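What follows is a short report on a single structure.
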Amino acid sequence: MTQFTDWLAEEDRQRRMASLHRDLHHRSPASDTLDLASNDYLGLSRDVRVIAGARSAADTWGAGSTGSRLVTGSTELLRDLESDLASFMGYESALVFSSGYLANLGAVTALAGPDCLIISDQWNHASLIDACRLSRSEVLVAPHVDPETVANLLANRRQPRALIVTDAVFSVDGDLAPLIDLHHVARASGAALLVDEAHSLGVVGPGGKGATTAAGLSGEPDVIATATLSKSLASQGGAILATSEVRSHIINRARSFIFDTALVPAAAGAARVALQVLRQEPQLSDRANVVAAQLRGILHEIGWSSPPPAAAVVSAPIADSALAVLAADTCRESGVLVGCFRPPSVPDGIPRLRLTARANLTEAQLLTTSRALQLARQAVTAAEHAAAHATNTAQSTAESAEGRTT
Ligand code: PMP
């Protein structure tokens, strides 16, 4: 029998040994740390108009939403937010959830089930993976961005229905899913395509209208998009975008909608204004993409390879978790907060530094970033040399010890 407290201590020990332990870092409102770890792609989270939108919604509708929409009723605020989101992204209708995570759980579980095969890209976000697990469907994990394999898996299925699920922009490397090809494959076999637009809304497509719009797929009856309000829209919450039949089905079947308290008014008010700002200032979307390319350029200049960003996510693979932590810590000591992705958050087990572009990043801030990354690179190189030296020394000690005994 293992005591609970012994198990907990052992888990902690193993995490620390593998450099996989995580701690919450304190964050103060007055901090002058440059935040390149956030998902605030359009730089709107502190925009006075967006904050006023949150305040005004709270004034009108209260601090909390008081219950599930099926129980306490659906407000005009949420109705207006849904119609704004649907018309912006080119869908017939939208349904908001209290987070993007719950929107994914709701969409996949309501649309799949035991009679449905799910094909899920190997690099999909954890919320889609969890949604697949909850759906009671058979789930086949397809190699990353591989529509041909998806087509084969669909052709050989035994289930009458099928659902392909994919991120539009993958959260780890920032690359784009082959949506047009996936849709061809889906349509040819009577399947539906579910696309998570978390990292594409606001930064992909004309004026940031999203990847399904850019691919000409929004509004198709067999395409369902999900989105978060917490990244480009600088707020909190999630949404499903689809036909009104799909919306109605989800209202009736998605447990993460039915049994969850409705989106809080302040979040809905903020997201609505952020969307208006994006409509009026589509250049914010272009700017976020330019900054992403600049961040990648900085990484390249200092010899750090990084795949070309399709949106605002820029990643730089690092050999191991301890070096990734060292690099992220060095950046933080130089005043720049960057993401440090380690297993289990990376599907291929390769840790990464992850930088996110923001439309309002200044040239001076880019310079600060460049300096911080240079120091991080130097620290990583020095640690690699020290490790190589230690291995060589250990080897020659072992060899000379062997020489003495034989
Ligand atoms: N999908 C993807 C691809 C994400 O990156 C995230 C959040 N990191 C989510 C869904 C979940 O969204 P939320 O944070 O609104 O729950």
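The values are calculated or read from the model by the stated rules, or taken from the named source; none is laboratory data. For clarity, every value in this text was computed on a predicted model and none was experimentally measured. Cβ: placed from backbone, ideal geometry, glycine included. Neighbour counts: every protein chain shown. All accessible areas refer to the heavy atoms of the entire protein, side chains included, with ligands and DNA or RNA removed. Shrake-Rupley method; radii C 1.70, N 1.55, O 1.52, S 1.80 Å.
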Suppose every K and R has +1 on its Cβ and every D and E has -1 on its Cβ; what is the size of the dipole of segment 1-150 about the Cα centre, in Debye to the nearest 20? 400 debye
Using a ≥ b ≥ c from the Cα gyration tensor of segment 303-361 (square roots of the eigenvalues), is it rounded, prolate or oblate, where a/c under 1.5 gives rounded and otherwise the larger of a/b and b/c decides, a/b for prolate? oblate
According to the square roots a ≥ b ≥ c of the eigenvalues of the Cα gyration tensor, what is the shape class of segment 237-308, taking rounded for a/c under 1.5, prolate for a/b larger than b/c otherwise, and oblate for the remainder? prolate
Please name which of TRP61, ALA310, ASN289 has its Cα lying farthest along the dipole of the chain towards the positive end, using unit charges on Cβ (Lys, Arg +1; Asp, Glu -1) and the Cα centre as origin. TRP61
Can you give the Kirkwood hydrodynamic radius for segment 85-156, in Å, rounded to one decimal and based on Cα pairs? 13.3 Å
Bridge orientation stat for segment 48-280 from DSSP, antiparallel percent rounded to 5, came to 35 percent
Just the accessible area for GLU384, please: 1.4 Å probe, Å², rounded to the nearest 10? 80 Å²
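How high is the relative contact order of segment 48-280, given as a whole-number percent (alpha carbon pairs under 8 Å, six or more residues apart)? Intermediate results must be reported in sequence, preceding the final value.
On the way: 500 pairs, mean separation 75.0, N = 233.
Relative contact order comes out at 32 percent.
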At a threshold of 8 angstrom on Cα-Cα distance, excluding pairs fewer than six apart, so keeping six or more, what relative contact order does the chain reach in percent? 22 percent
Could you pull out every residue, at least 5 positions away or on a different chain, whose amide H is within less than 5 Å of the one on SER68? Hs are placed 1.01 Å off N in the peptide plane, and Pro or chain starts have none. ALA262
Cα Rg, Dmax, segment 48-280, angstrom units: 16.9, 55
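Of all beta bridges DSSP finds with both residues in the chain, what is the antiparallel percent, to the nearest 5?
Numbers: 18 of 40 bridges.
Taking every DSSP beta bridge with both residues in the chain, the antiparallel ones total about 45 percent.
Over segment 282-391, what relative contact order in percent results from Cα pairs under 8 Å that are six or more residues apart? Present the calculation step by step, with values, prior to reporting the outcome.
Working: 157 pairs, mean separation 33.5, N = 110.
RCO, segment 282-391: 30 percent.
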Mind pulling the angle between the C-alpha long axis of helix 48-61 and the longest principal axis of the chain? Nearest 10 degrees, somewhere in 0 to 90. 50 degrees
Protection proxy ranking of 16-24, 344-352 - average other beta-carbon atoms within 10 Å, highest first: 344-352, 16-24
Per-residue HN-Hα couplings for segment 109-125 [Karplus 6.51, -1.76, 1.60; θ = phi - 60°; Hz; x = Gly/Pro]: 5, 6, 9, 9, x, x, 8, 10, 8, 9, 10, 10, 4, 3, 9, 4, 5
Work out the charge dipole of the chain with +1 on the Cβ of Lys and Arg and -1 on the Cβ of Asp and Glu about the Cα centre, then indicate which of ILE298, PRO347, SER256 is farthest towards its positive end. SER256
Asserting the computed 222 nm helical MRE of the chain (DSSP H runs at least 4 long, -39500 (n - 2.57) per run, divided by residue count, to nearest 500) equals -15000 deg cm²/dmol
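Averaged per residue, what accessible area in Å² does segment 282-391 show with a 1.4 Å probe, protein chains only? Don't jump to the answer; show the numbers that get you there.
Numbers: 4650 Å² over 110 residues.
Per-residue accessible area for segment 282-391 comes out at 42 Å².
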Accessible surface, per residue, of segment 198-268 when the full set of protein chains is kept, probe 1.4 Å, Å²: 32 Å²
What nm value, rounded to one decimal, do you get for the distance between LEU20 and THR397 when each label is placed 7 Å out toward the C-beta? 2.9 nm
Accessible area of segment 152-269 belonging to carbon and sulfur atoms, whole % at 1.4 Å probe: 51 percent
Evaluate the charge dipole of segment 9-68 about its Cα centre and quote only its size in Debye, nearest 20, assuming +1 on the Cβ of each Lys and Arg and -1 on the Cβ of each Asp and Glu. 20 debye
3J(HN,Hα) from dihedral phi, segment 383-392, Karplus parametrisation 6.51/-1.76/1.60, rounded to Hz, x for glycine, proline: 5, 5, 4, 4, 5, 5, 4, 4, 5, 4
What is the pair-distance distribution P(r) of segment 1-145, computed from all Cα-Cα distances in 10 Å bins starting at 0, with each bin given as a whole percent? 8, 20, 29, 28, 13, 2
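Kirkwood-based Rg over Rh for the chain (C-alpha set), two decimals? Intermediate values should be presented prior to the final figure.
On the way: Rg = 23.3 Å, Rh = 22.8 Å.
Rounded to two decimals, Rg/Rh equals 1.02.
Gain in length, ARG49 to ALA382, computed as 0.36 nm per residue apart minus the alpha-carbon separation, to one decimal in nm? Don't jump to the answer; show the numbers that get you there.
Numbers: separation 333, 0.36 × 333 = 119.88 nm, distance 4.64 nm.
Residue separation times 0.36 nm, minus the Cα-Cα distance, leaves 115.2 nm.
On alpha carbon coordinates alone, what is the Rg over Rh value for segment 282-391, Rh being the Kirkwood radius?
Numbers: Rg = 14.1 Å, Rh = 14.3 Å.
That ratio is 0.99, to two decimals.
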Using only the Cα atoms of segment 198-244, what are the Rg and Dmax in Å? 10.4, 29
